[in-house]
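Asker: If you scroll down you'll find the structure; I have some questions about it.
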Amino acid sequence: MKPEKVHIGTTPKVREHHRIAKRCGMLGRIANHYGGEGYMAVDVRFLGGHRSLFWPEDLEVISSPQPW
């Protein structure tokens, strides 16, 4: 994910290359972001209420489900 694509409420997926294997593939919702485009941390809230900070490059945006 590029820093300019980070928006509160967006649903990201943790990329498969993340250093903590149990977080790979997890889906969450962006709760906040800190810093600027050159040095940004993204606060992601997961199901169950726990939160973690990520670098934008550790996340990828998933597309919204298409209406049937």
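Asker: Going by the conditions given, is Met40 surrounded by 15 or more Cβ atoms within 10 Å (Cβ to Cβ), under 16 Å from Ser63 (Cβ atoms) and in contact with a strand residue (DSSP E or B) (Cβ under 9 Å, 6 or more places away or on another chain)?
Answerer: It is false that Met40 is surrounded by 15 or more Cβ atoms within 10 Å (Cβ to Cβ), under 16 Å from Ser63 (Cβ atoms) and in contact with a strand residue (DSSP E or B) (Cβ under 9 Å, 6 or more places away or on another chain).
Asker: Note down all Cβ pairs under 9 Å where the first residue falls in the stretch 28-42 and is among the aromatic types (Phe, Trp, Tyr), the second is surrounded by 10 or more Cβ atoms within 10 Å (Cβ to Cβ) and assigned to a strand (DSSP E or B), and they're at least six residues apart or on different chains.
Answerer: Tyr34/Met40; Tyr34/Ala41; Tyr34/Val42; Tyr34/Asp43; Tyr34/Leu53
Asker: So, one more: Can you tell me which condition Asp58 does not meet? The list is (1) touching a residue at least 40 places away in the same chain (Cβ under 8 Å); (2) in contact with a Leu (Cβ under 8 Å, 6 or more places away or on another chain), and all the others hold.
Answerer: (2)
Asker: Tell me which residues, restricted to the stretch 1-20, are more than 13 Å from Phe46 (Cβ to Cβ) and among the polar types (S, T, N, Q).
Answerer: Correct list: Thr10 only.
Asker: May I pose another question? So Ile20 passes all but one of these: (1) in contact (Cβ under 8 Å) with a residue 40 or more places away in the chain; (2) out of contact with any Cys (no Cβ under 9 Å at 6 or more places or on another chain). Which condition number does it fail?
Answerer: (1)
Asker: Can you pull out every residue in the stretch 47-68 that is surrounded by 15 or more Cβ atoms within 10 Å (Cβ to Cβ) and either farther than 12 Å from Val6 by Cβ or not aliphatic (A, V, I, L, M) (or both)?
Answerer: Correct list: Ser52, Phe54, Pro56, Asp58.
Residue-by-condition table, conditions (1) among the hydroxyl-bearing types (Ser, Thr, Tyr); (2) on the phi > 0 side of the Ramachandran plot; (3) in contact with a Gly (Cβ under 9 Å, 6 or more places away or on another chain):
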position: Pro3; (1), (2), (3): no, no, yes
position: Arg19; (1), (2), (3): no, no, no
position: Gly25; (1), (2), (3): no, yes, no
position: Gly28; (1), (2), (3): no, no, no
position: Val44; (1), (2), (3): no, no, yes
position: Ser63; (1), (2), (3): yes, no, no
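Asker: How many residues are among the hydrophobic types (A, V, I, L, M, F, W, C) and either in contact with a Phe, Trp or Tyr (Cβ under 8 Å, 6 or more places away or on another chain) or touching a residue at least 60 places away in the same chain (Cβ under 8 Å) (or both) when one looks only at the stretch 43-52?
Answerer: Matching residues across the stretch 43-52 total 1.
Residue-by-condition table, conditions (1) in contact with a His (Cβ under 6 Å, 6 or more places away or on another chain); (2) modelled with pLDDT under 95:
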position: Met1; (1), (2): no, yes
position: Thr11; (1), (2): no, yes
position: Cys24; (1), (2): yes, yes
position: Gly35; (1), (2): no, yes
position: Val42; (1), (2): yes, no
position: Leu47; (1), (2): no, yes
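The values are calculated or read from the model by the stated rules, or taken from the named source; none is laboratory data. These numbers were taken from a predicted model, which means no experiment stands behind them. Cβ: placed from backbone, ideal geometry, glycine included. Neighbour counts: every protein chain shown.
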